[in-house]
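To keep things clear, I will list the structure first and then write my remarks on it.
The values are calculated or read from the model by the stated rules, or taken from the named source; none is laboratory data. Computed from a predicted structure; not experimentally measured. Heads up: the accessible areas ignore ligands, DNA and RNA and are worked out on the full protein's heavy atoms, side chains in. Shrake-Rupley method; radii C 1.70, N 1.55, O 1.52, S 1.80 Å.
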Amino acid sequence: MSSNVSARHQAGVKMNQSTRSVRIGLDDNTSLTNEIGLGTLAQVNARGGTVVLLLFGPPGSGKGTQSRLITNWLKIPAISTGDMLRGEIAAGSKLGETAKSIMASGGLVGDDLVNQMLKARVSRTDCAGGFLLDGYPRTAEQAEFLDKLLEERRLPAPTILHLDVPADALIGRMTSRRECPKCKRIYNLLHQPPKTAGVCDDDGAALITRRDDTEEVVRERLRMYDAITRPVLAYFQYRNYYQIRGDRSPSYIFEAISGILEPLVTKNGDGRGHSPTASATS
Ligand code: ADP
């Protein structure tokens, strides 16, 4: 058993029950990558392959932290619809105005608005070599929209990384979460505090608490996740789907994820090359 495979097992990674469907996915990705290489969208990620990653999980499951580690490694763009919406609010745009009160109460912003915002982002040239989605899709309509969009853009079907964390661990995690407004690095006052209290290790910016990280709003966000977002997993059941236990350290989870992704993101699908480490990228 290779170290990557064993890390996967130790981290509680569950692959789609149908190995065949995972393999078909791999073959599809490889052929599509080759096709893209010959066509107009000739970009690839840092490892030579093209991959669309979808980080799925409840609020507070560590999607933001893993997104940062994965995209530093693969040099693909991270697209967080939550960050984009917060950017719209900060810019005072019409979309931001609409999103503001919905986000403050822990609800979901309308599908049409989010879908169009995502489409515009994915149409930019930096996404031609693949990208990572954090916090999208969150509804069945968004999942269907994404499939059509990927087909239109001649990008591979997504690989789903589901960070599964028991609900009782999430509220404490989120209320002790702090974020750097500049580089978006996420800290946790209990488990991953900054070196100097209140200040980002990387750029010295003053850390903030997100407005929707109060206990009342967090409870509503978790309710929305259970009612609307979790059922979207059924849509991905027969895809390249991996369930990962998210109640471990960030570096442990990243090791498990990189073990899964190594063969998918490498051009020839053979997983050659050295493995990333969380410490080297964080
Ligand atoms: P988290 O995953 O911790 O809830 P996000 O930053 O992803 O944090 O999202 C914050 C808020 O932004 C959500 O509670 C929701 O109001 C809004 N939002 C983000 N992504 C979407 C989406 N895909 N569809 C609808 N609303 C979204």
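Surface composition of the range 189-249: carbon plus sulfur atoms contribute 53% of the solvent-accessible area (1.4 Å probe, protein chains only, all chains present).
Dividing the alpha-carbon radius of gyration of the range 162-201 by the rule-of-thumb value 2.2 N^0.38 Å gives 1.27.
So how far, in whole Å, is the C-alpha centre of the range 59-87 from the one of the range 223-264? One Cα centre to the other: 14 Å.
First check a/c for the range 67-113, with a ≥ b ≥ c the square roots of the eigenvalues of its C-alpha gyration tensor; if it is under 1.5, answer rounded, and if not, answer prolate when a/b is larger than b/c or oblate otherwise. Verdict is prolate for the range 67-113.
Ligands, DNA and RNA are left out, and with a 1.4 angstrom probe the accessible area of the range 165-245 is 57 Å² per residue.
On the accessible surface of the range 86-136, probed at 1.4 Å, how many percent belong to carbon and sulfur atoms? Its accessible area is 55 percent carbon and sulfur atoms.
Checked against a 23 Å cut-off, the cross-linked pairs 100/182; 63/182; 75/195; 94/119 give Cα-Cα distances beyond that limit for 75/195. Scaled to the globular estimate 2.2 N^0.38 Å, the Cα spread of the range 154-260, given as radius of gyration, is 1.24.
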